[in-house]
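All of the numbers you see were taken from the coordinates with simple rules; none came from a lab. Keep in mind that this is a model prediction, so the values were computed, not measured. Methodologically, a virtual Cβ is constructed for each residue, glycine included, from the backbone with ideal geometry; neighbour enumeration extends over all protein chains shown.
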């Protein structure tokens, strides 16, 4: 075997492996583990934004139902999807170990997302049970939850404030 | 008069058949997050698909042979295989996404979980591919897909600031809270969605199925140059209506149900019902086109008998591929993979596969041995070459952008 060619072959394999790994990482939505505060904040922001979008979609659909502009089955599907969306957001951030200084906000993030998840579930149950008189009030509560999540998302732009 | 109707029908079905699950989802996602600031990408993508669809349609009309058949003969089995693998991988992924899209659309109508609907949809797709006449399939689903015009009506009814929307389309800018790399990722995704390879293969193979000759080149060009751009306007209408409804509340679009909400806001139940017909028709039509494209690609490369105008027992291997592809797509969906996620992958991987798909078409359309007097002119060559460069940049950027943005997060 020609040494140069062998080295070249190894180099080619190494390059191909690196490219393949990157492609697989991209294809599976995986990212390398990055335990710093910035990385956690980005993940937390994404989870909060996803939860907020799902809550807003549920609110929008409920309001359209109150105005008679959407079918019951469509509304039900949108709410089921919103419930799944908030659930996924909750799982994604709940499984991430926060760095020390972010422990407090971790509790806030997971707490608010779980609260939103509970609210969307309540709305979905009301829709399945056709409790139309509750839609307006539920939409208002979803709106408040979405506002709170959006404020939290803005807050996550910056590192936690240190006392003193 | 008969020719006029043929042209009109071709244009209408081209408009209705232009939008698929990739266009629906990607345009709504981009509209909600970026407004119409990426509208120019859709326009560039539409011009690109027109350039290459015209070339492949002309190749079919002049040679009466399909693209893969000629690519393999002209460029050899290696390039032919690369072309086949790249387009097949993307088309199969798109096939999965389209069947999932039909199931998601029917879930919105029935509120039955889409996983229970997937086998039913797959059976209907297979039945259409096996039994339905080509013209019936193309015309019925294409015309029903036209109902997506409801998004344009809805956008008009929502009363946006048209000047602002138009301004955002021509200025390269992004919302302040978004990053440029995310903007670039969605630009590549939109480009991939507009230039999906299966559309060109289906178009040219359909030309062979319908026995186009050089006399049909005029009609083919009318379909491409009028039908495709008008279909692209539907894409912009979907993005525009999502921008108007979701932009101000700062919400993103993650599901097909959310894609339809702007129409409900603008037009109520009737509009929503029409949009649902459009969702089902667009995704079902695209599923049939993808399924056929998988069969066309393999059969043409292998030199088998193919096509819906050939008796099924004569084109048995072609129909076996169609059946196996449908079973495979169903199996993938039944693993509970999210069809919207598959759609997002399909449009990005479409961008990656574009050079291997479109380069051979440019070569064949430039070969006087095949094309005679209908070989590419200067304009077609100039546009084709420029687009190959754009396609190359999009293909190279796709995976790195996918990784650094975590799929546009």
Within the bounds of the range A:99-122, is there any residue that is within 22 Å of residue B:264 (Cα to Cα), buried (at least 23 other Cβ atoms within 10 Å of the Cβ) and at the interface with chain B (Cβ under 9 Å from one of its Cβ atoms)? no
Condition check: within 13 Å of another protein chain (Cβ to nearest Cβ) and part of a helix (DSSP H, G or I). Does residue A:56 satisfy that? yes
Could you check how many residues of the range B:389-409 are away from every other protein chain (no Cβ under 14 Å) and either closer than 30 Å to residue A:49 by Cα or touching a helix residue (DSSP H, G or I) at 6+ places or on another chain (Cβ under 6 Å) (or both)? 3
Checking residue A:143 against (1) over 10 Å from residue A:55 (Cβ atoms); (2) touching a helix residue (DSSP H, G or I) at 6+ places or on another chain (Cβ under 6 Å); (3) surrounded by fewer than 20 Cβ atoms within 10 Å (Cβ to Cβ), which test does it fail? (1)
Could we say that residue A:63 is assigned to a helix (DSSP H, G or I), more than 30 Å from residue B:337 (Cβ to Cβ) and within 14 Å of chain B (Cβ to nearest Cβ) here? yes
Considering the range B:337-392, residues that are within 27 Å of residue B:186 (Cβ to Cβ) and not in a helix (DSSP H, G or I), and then whichever is nearest to the chain's Cα centre (by Cα), we arrive at B:338
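Results for (1) within 26 Å of residue B:203 (Cβ to Cβ); (2) away from every other protein chain (no Cβ under 13 Å); (3) not in a helix (DSSP H, G or I), shown as yes or no for each residue.
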{"position": "B:94", "(1), (2), (3)": "yes, yes, no"}
{"position": "B:100", "(1), (2), (3)": "yes, yes, no"}
{"position": "B:105", "(1), (2), (3)": "yes, no, no"}
{"position": "B:112", "(1), (2), (3)": "no, no, yes"}
{"position": "B:115", "(1), (2), (3)": "no, no, no"}
{"position": "B:118", "(1), (2), (3)": "no, yes, no"}
{"position": "B:122", "(1), (2), (3)": "yes, yes, no"}
{"position": "B:126", "(1), (2), (3)": "yes, yes, no"}
{"position": "B:137", "(1), (2), (3)": "yes, yes, no"}
Exception for residue A:73 within (1) in a helix (DSSP H, G or I); (2) crowded, with 18+ Cβ neighbours inside 10 Å; (3) facing chain B (nearest Cβ under 8 Å); (4) more than 10 Å from the chain's Cα centre (by Cα) falls at (2)
Among the numbered criteria (1) crowded, with 17+ Cβ neighbours inside 10 Å; (2) under 13 Å from residue B:351 (Cβ atoms), which single criterion is violated by residue B:400? (1)
